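*Asks:* Have a look at this one.
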Amino acid sequence: MTAEWMGYDWQPLLLTFKLAALTTLILCLIGIPFAWWMAHTRVRFKPVLEALVSMPLVLPPSVLGFYLLLAFSPQGAVGHFIESFIGLKLAFSFAGLVVASVIFSFPFMVHPVQSGFQSLPPSLSEAAYTLGKSRWQTFVRVLLPNIKPSLLAGVVLSFAHTIGEFGVVMMIGGNLPGETKVAAIAIYDEVESLNYAAANFYALVLFSVCFAILLAVYLLNRRMMMRVG
Amino acid sequence: MIQLDIRKKLLSAQGEFQLDVQLEIAQGEFITLFGQSGAGKTTLLRCLAGLAAPDAGYIKVKGEVWFDGAARVALPAQQRRASYMFQDYALFPNMSVRGNLEFALRPGASHKRVDELLEMMGLGELQQRKPDTLSGGQKQRVALARALAAEPRLLLLDEPFSALDHATRVRLQDEVLRLQRHFGLTTVMVSHDISEVYKLSQRVVVIEQGCISQQGGPAEVFKAGVSSGKFSFAGEVLAIETADVAFAVTLLVGNQIVRVIASADEARHLKQGDRVMLMSKAFNPMLVAVGHTDA
């Protein structure tokens, strides 16, 4: 399947945004509850968890990619288990990219949301509890609506960071058109074959989209701040 | 009728101590827990609300067990129907005044109750406003209305007036009293403001270092200090200056700054930030009327 338009192959770009959207969605589902738990838990190994969550911020992506490749390999225990029980091939596949991206962008969702939860006074949840509301009702109707700027930051940073991913994709995805060849890889590919025009096209689109997203967030945040202040 | 007998280990700046309280509260009674900060008053209130768990003992309300350390029973806060009014009011910033009250309604309760409460508290005009845009006194009224919207069996007030100016405070105290009588609500308040305690409570329970040191009607409890012929005020040392043979000590008492003379002997044991008791024989006090408070 190719998506030719204006003389360029749009497929890598579409794949990039599909990957970013799916990753962000999954991160919302697991990252937000995890951030809430991290904000309130008093387990002794919390610093260990915090360090693990932050690892993708400092590790070279190739390190993470290398270990994920070993784990995903059908010869490895994890890869074998997933392939034979769920029927999902993770190495050199789109599904593998999603899993890797979720791990790689995890801190970008968890950090802003966790600090959002921590900035709320505990009396808010306690007031809701004494008014007879369950933890779930309190979470959905009191906590989440009051950390909207943090949620927005988490969603946007995860999305943008997934778009900007290169090293991990390179290690575990390779370069399969329509499957794992995202825009960042396509740029590298085009430059290697001295096709600068196409490289410039992908680069410019990524640049513009990322700039537009971040600009929108800062504008929106300023409006929210003004409404509160 | 509430019966409680609880123990809980507490940590304070002065070290570890034990909250150890036995108390009975009658239906419809307005009772105040009075004492210094860090004496365990708020913890006791939180144990009643189900926001903190005692280490041992029991809490029974009208024969229903809310907490029993031996039987490992602890009714969650959600099921106690004990409305708690927080010092910071804890209004939900994302909801309007009306939204805050509606959130507090019990499942299936009529929204008429919200209208009634808004009217009763004079909040009709403000009902669409967000809490952030309200003044301290308005927030306090919303918090009280919200606490009542939940049809509580027990009302818990944690220093409800501490953040308000004097005039607003007096007006809201009247309002609390009126509503408490109107609904016949058993109410427990935490306070260290004597005038407020005097005005509102039927019974005062003085808590010191986690234990009840005294209890009774407000007149009875606060008379004790006077009958000994002494005034005593708790204060904090702001500065110590040498003035020839004596020392001038500047103290913060309540929200007033007072300068007193201390001997070298007294001053030697004091340093900035110390908490002190300022005492005087009541042989020559001056009383000057400064105006009336309208009820």
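*Asks:* Can you list the helices (runs of 4 or more DSSP H) found entirely within the range B:92-185 that contain at least 1 residues being at negative phi and at pLDDT below 90?
*Replies:* Values: elements: B:97-104, B:112-120, B:136-149, B:166-183.
In the range B:92-185, the matching helices (runs of 4 or more DSSP H) lie at B:112-120, B:136-149, B:166-183.
*Asks:* Among the listed residues B:Lys223, B:Lys199, identify the single one that is without any contact (Cβ under 8 Å) to a residue 12 or more places away in the chain and either closer than 26 Å to B:Val21 by Cα or part of a strand (DSSP E or B) (or both). So that I can check it myself, show each step before the final result.
*Replies:* On the way: B:Lys199 fails: without any contact (Cβ under 8 Å) to a residue 12 or more places away in the chain.
Going through B:Lys223, B:Lys199 in turn, just one is without any contact (Cβ under 8 Å) to a residue 12 or more places away in the chain and either closer than 26 Å to B:Val21 by Cα or part of a strand (DSSP E or B) (or both): B:Lys223.
*Asks:* A further question on this structure: Filtering the range A:79-133 down to residues that are surrounded by fewer than 16 Cβ atoms within 10 Å (Cβ to Cβ) and within 14 Å of chain B (Cβ to nearest Cβ), which residue is farthest from B:Pro152 (Cα to Cα)?
*Replies:* Among those residues, the one meeting the criterion is A:Ser119.
*Asks:* A further question on this structure: Of the conditions (1) within 14 Å of chain A (Cβ to nearest Cβ); (2) surrounded by fewer than 22 Cβ atoms within 10 Å (Cβ to Cβ); (3) within 18 Å of the chain's Cα centre (by Cα); (4) not polar (S, T, N, Q), B:Leu144 satisfies every one except a single condition; which number is it?
*Replies:* (2)
*Asks:* For the range A:116-136, give me each residue that is touching a helix residue (DSSP H, G or I) at 6+ places or on another chain (Cβ under 7 Å) and assigned to a helix (DSSP H, G or I).
*Replies:* Matches in the range A:116-136: A:Gly116, A:Phe117, A:Gln118, A:Leu124, A:Ser125, A:Ala128, A:Tyr129, A:Thr130.
*Asks:* Follow-up. So which of B:Met85, B:Met1 is of a type in the set (A, V, I, L, M) and surrounded by fewer than 21 Cβ atoms within 10 Å (Cβ to Cβ)? Spell out the reasoning first.
*Replies:* On the way: B:Met85 fails: surrounded by fewer than 21 Cβ atoms within 10 Å (Cβ to Cβ).
Unique residue meeting the criteria: B:Met1.
*Asks:* Being outside any helix (DSSP H, G or I) and either in contact with a helix residue (DSSP H, G or I) (Cβ under 6 Å, 6 or more places away or on another chain) or free of Cβ contacts under 8 Å to residues at least 24 places away in the same chain (or both) narrows it down to one residue among A:Leu88, A:Leu70; which is it? Please lay out each step first, then the result.
*Replies:* Values: A:Leu70 fails: outside any helix (DSSP H, G or I).
Residue meeting the stated conditions: A:Leu88.
Condition check ((1) farther than 15 Å from A:Trp10 by Cα; (2) in contact with a Ser or Thr (Cβ under 9 Å, 6 or more places away or on another chain); (3) in a helix (DSSP H, G or I)) across all residues:
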residue	(1), (2), (3)
A:Ser158	yes, yes, yes
A:Val168	yes, yes, yes
A:Gly174	yes, yes, no
A:Pro177	no, yes, no
A:Glu190	no, no, yes
A:Ala203	no, no, yes
A:Cys210	yes, no, yes
A:Leu215	yes, no, yes
A:Met224	yes, no, yes
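*Asks:* Identify, from the list B:Phe30, B:Phe86, the residue that is within 14 Å of chain A (Cβ to nearest Cβ), closer than 23 Å to B:Ala147 by Cβ and touching a residue at least 40 places away in the same chain (Cβ under 8 Å). Before the answer, list the steps.
*Replies:* Details: B:Phe30 fails: within 14 Å of chain A (Cβ to nearest Cβ).
From the options B:Phe30, B:Phe86, the qualifying one is B:Phe86.
*Asks:* While we're looking at this one, here's another question. Among the residues of the range B:114-129, write down those that are out of contact with any helix residue (DSSP H, G or I) (no Cβ under 8 Å at 6 or more places or on another chain) and surrounded by 14 or more Cβ atoms within 10 Å (Cβ to Cβ).
*Replies:* Passing the criteria: B:Asp115, B:Glu116.
The values are calculated or read from the model by the stated rules, or taken from the named source; none is laboratory data. Bear in mind that the values here come from a model prediction, so they are computed numbers and not experimental data. Quick reminder, even Gly has a Cβ in these numbers, built from the backbone with ideal geometry, and neighbours come from all protein chains shown.
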